[in-house]
Amino acid sequence: MSDTVLWLAIFAAVAITLGTKFLGHFIPESWVSSPKIAPIVALVSVALLAGLVAQQTLDGGHRLVIDARVAALVVAAVALWRRVPFIVVIILAAGTAALLRYLGWG
Amino acid sequence: MCPTQLTQDKDRPAVIRQALSISLATGLYGISFGALSIAAGLSLPQTMALSLLMFTGSSQFAFVGIVGAGGGAASAIATSGLLGVRNGLYGVQMGPLLALQGWKRVIAPHFTIDESTAVSTAQTTKDLRRLGFWWAGIGVFVCWNVLTFVGALAGNAIGDPKIWGLDAAAAAAFLGLLWPRLASRTAQACAALAVVIACILIPFTPAGIPVLGAACAAVVIGGWDARRTKTEVTQENAYE
C-alpha cells in the first residue's frame with residue numbers, strides 16, 4: 001500500500017469510527033428507553049467485553065489456541081476475585097505470560 | 001450537607017483512582033500499539049493520527065494488523081469500522097446517562113470508549129458517572145497517546161510485545177472491565193453466551209467479526225430478560 005493510499009485509508013477509517021461515536025450520542029433517548037430495548041442496551045457492553053476477552057485470549061489467527069494468555073487470564077481472574085487493584089491485575093497477567101514464554105511454553 | 005452528598009464526596013477519590021489505574025493499564029498497551037504500528041509499515045505521523053483521531057484501541061490494532069499482513073485498504077477500513085460500532089452502542093447508553101450540555105456534549109463522543117463507559121456505568125449516581133467518564137476518557141487519551149508515541153519510537157528496540165506479555169495484559173484489562181458488571185445472573189448468562197459465540201466465529205470469520213457477533217448475546221439474553229420481567233409483572237397483577 002502506497003503512502004498516499006495509507007493516509008486516505010486512515011482518514012476514511014477515522015471518519016467512520018468517529019462518526020459512529022457521534023451517532024450513538026445523538027440518537028434520541030426514546031429509541032433505547034422502551035422496555036423491550038433497555039435490557040438489551042444494558043447488556044451490550046457486557047457482551048462486547050466478554051467477546052473481547054475471548055478474542056484476546058483464544059484467537060490464534062482463525063483458530064482457537066490455548067497458550068500462555070489463558071494461564072495469564074486465570075491468574076487475572078483469581079486476582080480480581082481477591083479484589084487486587086486493577087493495575088496489579090494487569091501486571092500479574094503480563095508477568096505470567098512473559099514468564100511462561102521465557103520458560104518455553106505458549 | 002445531605003448524606004448522599006457525603007457518600008459522593010467519599011467515593012470521588014475511589015472513582016478517580018479507578019479511572020487513573022485503567023488509564024495507565026490501557027496506556028501501557030499503547031506502547032505495544034505504537035511498536036506494532038511501526039512494524040506494520042506505518043510512519044510515526046500515521047501511527048499518531050490513529051491514536052489521536054480514531055482513539056479506539058481494538059479498531060486501531062485491527063487496522064495496523066491488516067495493513068501489516070498485507071491486507072487491502074478496504075478490509076482495513078471495514079474491520080476497524082465494524083469494531084468501532086460498539087462505541088456507537090456505548091454512546092446510546094452514555095448520552096442519557098451523562099445528560100451533558102453545550103461543548104461537553106460535543107466532545108464527549110470522542111472519549112466514549114470501552115474504559116470510560118465501563119468506569120462510568122459502574123458508578124451509582126449521575127455525578128460519579130460523569131466524574132468516572134471524564135477521568136477515564138481523558139486519562140486514557142493522554143496515556144494512550146503519550147505511550148503510543150513512546151512505543152513507536154522504541155519500535156524495534158522493544159521487539160516482540162508478546163515477550164513482555166502485553167497481549168495477555170490486554171485480555172486481563174478487558175476481564176477487569178467486565179468483572180464488576182457480572183453481578184446479576186442475567187449478565188453472567190450474557191457474558192457466557194458472548195464467549196461461546198466469539199469462539200464459534202473465530203475460526204471462520206475475519207478479525208473483528210467474532211466480537212461483533214458476541215454482541216448478539218445481548219439481544220438474545222436481553223430480549224429473554226424483557227419477556228421474563230413482563231411475565232412476572234403480569235403474574236403479580238393477577239394475584240392482586
Open item on the list: Restricting to lysines 8 or more places apart or on different chains, can you count the pairs in the protein assembly as shown with Cα atoms under 26 Å from each other?
Closed with: 8
- [ ] Would you mind working out the magnitude of the charge dipole of chain A relative to its Cα centre, with +1 at each Lys and Arg C-beta and -1 at each Asp and Glu C-beta, to the nearest 20 Debye?
- [x] 320 debye
TODO: Sort B:Trp134, A:Trp31, A:Trp7 so the one with the fewest other Cβ atoms within 10 Å of its own Cβ comes first.
DONE: A:Trp31, A:Trp7, B:Trp134
Task: Computed over segment B:107-190, Kirkwood Rh from alpha-carbon pairs, angstrom - done: 14.8 Å
Task: Virtual spin-label span in nm between A:Phe26 and B:Val146, 7 Å along Cα→Cβ - done: 3.3 nm
- [ ] Whole number please: convex hull volume per residue, Cα atoms of chain A, in Å³.
- [x] 195 Å³
- [ ] Convert 10 °C to kelvin, take the viscosity as 1.306 mPa s, use the Kirkwood radius over C-alpha pairs of chain B as Rh, and evaluate the Stokes-Einstein diffusion coefficient in µm²/s, rounded to a whole number.
- [x] 81 µm²/s
- [ ] Divide the volume of the convex hull of the Cα atoms of the protein assembly as shown by its number of residues and quote the answer in cubic angstrom per residue.
- [x] 148 Å³
Task: Exposure proxy order (Cβ contacts within 10 Å, fewest to most) of B:Ser75, A:Ser2, B:Ser37 - done: A:Ser2, B:Ser75, B:Ser37
Task: Proxy reagent accessibility, fewest Cβ within 10 Å first, across A:Val65, B:Val85 - done: A:Val65, B:Val85
Open item on the list: I want to verify a result. In a Gaussian network model of chain A, Cα cutoff 10 Å, which of these has the top mean-square fluctuation: A:Ala38, A:Ala72, A:Ala12?
Closed with: A:Ala12
Task: Principal-axis tilt of helix B:185-201 within chain B, Cα atoms, nearest 10 degrees - done: 30 degrees
Task: Cβ neighbours within 10 Å from other chains - mean over A:57-69 - done: 5
TODO: Please grab the % of Cα pairs in segment A:48-101 that end up more than 17 Å from each other.
DONE: 38 percent
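Sort B:27-35, B:194-202 for me by packing, meaning the mean count of neighbouring Cβ atoms within 10 Å per residue, highest on top.
Values: B:27-35: 24.6, B:194-202: 21.8.
For the peptides B:27-35, B:194-202, the packing ranking is B:27-35, B:194-202.
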Task: Whole-number percent relative contact order across chain B, with pairs defined as alpha carbons under 8 Å at least 6 apart - done: 28 percent
TODO: Give, to the nearest whole percent, the P(r) tail of segment B:28-113 beyond 16 angstrom, counting all Cα pairs.
DONE: 55 percent
Open item on the list: Based on the alpha-carbon set only, what is the convex hull volume of segment B:54-171 divided per residue, in Å³?
Closed with: 120 Å³
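Values quoted throughout were computed directly from the atomic coordinates according to the rules given, and no laboratory measurement underlies them. Predicted model only: the values in this text are computed from it and were never measured. All Cβ positions, even for glycine, are placed from backbone atoms using ideal geometry, and neighbour counts span all protein chains on display.
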